[in-house]
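Q: For reference, the structure I am asking about is given below.
The values are calculated or read from the model by the stated rules, or taken from the named source; none is laboratory data. Just so it is clear, the model here is predicted, and its values are computed rather than measured. Please note: Cβ atoms are built from the backbone with ideal geometry, for glycine as well, and neighbour counts cover all protein chains shown. For the accessible areas, the whole protein counts, side chains as well, though only heavy atoms, and no ligand, DNA or RNA atoms are used. Shrake-Rupley method; radii C 1.70, N 1.55, O 1.52, S 1.80 Å.
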Amino acid sequence: MAYKGKYKLINRPKYKGNPINIIYRSSWERNFMVYCDTNPNVIQWSSEEIRIPYRSPIDRKVHTYYPDFWMKVKKHDDSIQQLVIEIKPKIQTKPPRLTKGKDKRYLIEVKRWGVNQAKWEAAEKYCKQKKWMFKLITENELKTK
């Protein structure tokens, strides 16, 4: 299976947004799309359709964050919950550690960590205002290695 590509909807009425250009950038994202598209408890979903402004700690400018997914789900108690989901490798959800002889890579990882933290803080705030939930999902939750 390709790690990048266009997703073809199975259940078009569930998708909120532009159905023509649904892009996955990893097999994890594609698997999550299939889950959203086929799970009867997922009422609606979208991929990279929400825009959240955030200030980058690198250049101090305002940028736009497009979280991986938005979904509206029916919970076990029949209540409805809306979530914004970001899928990341677990290693990118923790601060980087300096390892001997890897200074350049460490600097890149520190920048990525700082930008991701700014995005996720903005997403938390955005979701709190809307009474939604922001959730980071890693390979552990997706049960893939």
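Q: Can you name the condition, by its number, that Ile80 falls short on among (1) open to solvent by less than 60 Å² (accessible area, probe 1.4 Å); (2) farther than 13 Å from Trp120 by Cα; (3) among the β-branched types (Val, Ile, Thr); (4) touching a Lys or Arg at 6+ places or on another chain (Cβ under 7 Å)?
A: (1)
Q: Follow-up question, since we're still on this one. In segment 33-77, what residues are polar (S, T, N, Q), open to solvent by 40 Å² or more (accessible area, probe 1.4 Å) and in contact with a helix residue (DSSP H, G or I) (Cβ under 7 Å, 6 or more places away or on another chain)?
A: Within segment 33-77, just Gln44 meets the criteria.
Q: Restricting attention to segment 119-145, and to residues there that are free of Cβ contacts under 8 Å to residues at least 60 places away in the same chain and under 14 Å from Ile91 (Cβ atoms), which single residue is nearest to the chain's Cα centre (by Cα)?
A: So the residue we want is Leu136.
Q: Can you run down the residue pairs with Cβ atoms below 7 Å, 6 or more apart or on separate chains, where the first is in segment 37-53 and more than 15 Å from Ile85 (Cβ to Cβ) and assigned to a loop (DSSP other than H, G, I, E, B) and the partner is open to solvent by 80 Å² or more (accessible area, probe 1.4 Å) and modelled with pLDDT of 95 or more?
A: Correct list of pairs: Arg51/Tyr66.
Q: Something else about it: Report, ordered by the first and then the second residue, all pairs with beta carbons closer than 9 Å, sequence separation of six or more or different chains, a first member in segment 105-118 that is under 23 Å from Thr64 (Cβ atoms) and open to solvent by 50 Å² or more (accessible area, probe 1.4 Å), and a second member that is among the β-branched types (Val, Ile, Thr) and not in a helix (DSSP H, G or I).
A: Listed by first residue and then by second, the contacts come to Lys111/Ile58.
Q: Here's a follow-up. Return yes or no: is Arg25 at pLDDT 95 or above and surrounded by fewer than 15 Cβ atoms within 10 Å (Cβ to Cβ)?
A: no
Every residue, every condition in (1) on the phi < 0 side of the Ramachandran plot; (2) in a strand (DSSP E or B), yes or no:
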residue	(1), (2)
Thr64	yes, yes
Asp78	no, no
Gln81	yes, yes
Lys100	yes, no
Arg112	yes, no
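Q: Looking only at segment 114-145, count how many residues are of a type in the set (Lys, Arg) and part of a strand (DSSP E or B).
A: Within segment 114-145, residues that are of a type in the set (Lys, Arg) and part of a strand (DSSP E or B) number 1.
Q: Within segment 19-36, work out how many residues are in a loop (DSSP other than H, G, I, E, B) and either closer than 17 Å to Val84 by Cα or not polar (S, T, N, Q) (or both).
A: The total comes to 4.
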